[in-house]
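Worksheet: one structure, shown below.
Every read-out reported here was derived from the displayed coordinates using simple, explicitly stated rules and does not represent laboratory data. Note that this is a predicted model, so its numbers are computed, not measured. Glycine also receives a Cβ, built like all others from the backbone with ideal geometry; neighbour counts cover every protein chain displayed.
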Amino acid sequence: MEPPKNHSTLYNQRYQSTDHYWDFKPSSMAYKVLEIRPPMNQKLKLLEIGSGEGATALFFARNGYDVTAFDLSEVGLEKTEAAAKKINLNIKLFKANINEYAPTENFDIIFSSGTLQYLTPERRRPFIESLQLKTNTDGLHCLHTFVKKPFIEKAPDAEDCEYLWSSGELLQYYPDWKTEEFFEEIKPCNSGGVSHRHVHNRLWSTRLN
């Protein structure tokens, strides 16, 4: 089941109902990107998949990356654009459905946290391969997946169109890349004001050729 037609409406409602549905902090994974691939003397082109309300896209733009980001929620994109304008940052934003998207230009860094669970299982391999094809040599992928475990209860705000990954599944799509870091962890979450837990897989991997 792909995200339903009203999926963007759901997130529009969530994002309109509060200043920030998610904690308005950049993903913790973004700091590792800054460590592994700092912009230095060049503007690295970075794509964020599923930018939500914009906290991580703004973080990358502030730190000198050339940021492109997409999301399914118009309200999330509007919040991101408004926040960027306030601090004179330029972020290229557009609306897209992850199950229909494939990049048409090359990037140095591709980042996604909290979005890949919306990929239908049959779309995972072709989607990851489409990203890999549009990644420059020495480019970095920084990706996150939610993982299914029998001892973790379903999140209270989980949706029918979410597909949790298997433990270690994400790493299997990168046999020919250099894995900078990969790990699994259980962390608490308070999205929507309700306390719960998630299992996460996090990957940082570099294309060497």
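For the Cα trace of segment 84-172, dividing Rg by the Kirkwood Rh returns an Rg/Rh value of 1.01. Per residue of the chain, the DSSP helices (runs of n ≥ 4 H) give a summed -39500 (n - 2.57) that works out to -7000 deg cm²/dmol at 222 nm. Recomputing semi-axes √(5λ) of the Cα gyration tensor in Å from the coordinates shown identifies the correct label among (i) 24, 22, 16; (ii) 28, 26, 16; (iii) 42, 23, 15 as (i). In order along segment 107-114, phi translates into HN-Hα couplings of 10, 8, 9, 10, 10, 8, 9, x Hz, rounded to whole numbers, per the Karplus curve 6.51 cos²θ - 1.76 cosθ + 1.60 with θ = phi - 60° and x for Gly and Pro. The H on the amide N of Asn97, modeled in the peptide plane, is under 5 Å from the matching H of no residue at least 5 residues off or on a different chain.
Scanning residues 5 or more positions from Ser167 or on other chains, those with amide H under 5 Å from its amide H are Lys148, with H placed 1.01 Å from N in the peptide plane. Taking amide H as placed 1.01 Å from N in the peptide plane, Asp138 has its amide H under 5 Å from the amide H of Arg207, Leu208, Asn209, each at least 5 places away in sequence or on another chain.
Annotation: extensible slack from Thr179 through Tyr101 equals 25.6 nm (criterion: 0.36 nm per residue apart, minus Cα-Cα distance).
Sequentially through segment 88-98, phi angles give Karplus couplings (6.51, -1.76, 1.60; θ = phi - 60°) of 6, 10, 10, 10, 7, 10, 7, 8, 7, 9, 4 Hz, Gly and Pro residues having no value and appearing as x.
Between Glu162 and Lys32, the modelled label-to-label distance comes to 2.1 nm, taking each label 7 Å out from Cα in the direction of the beta carbon.
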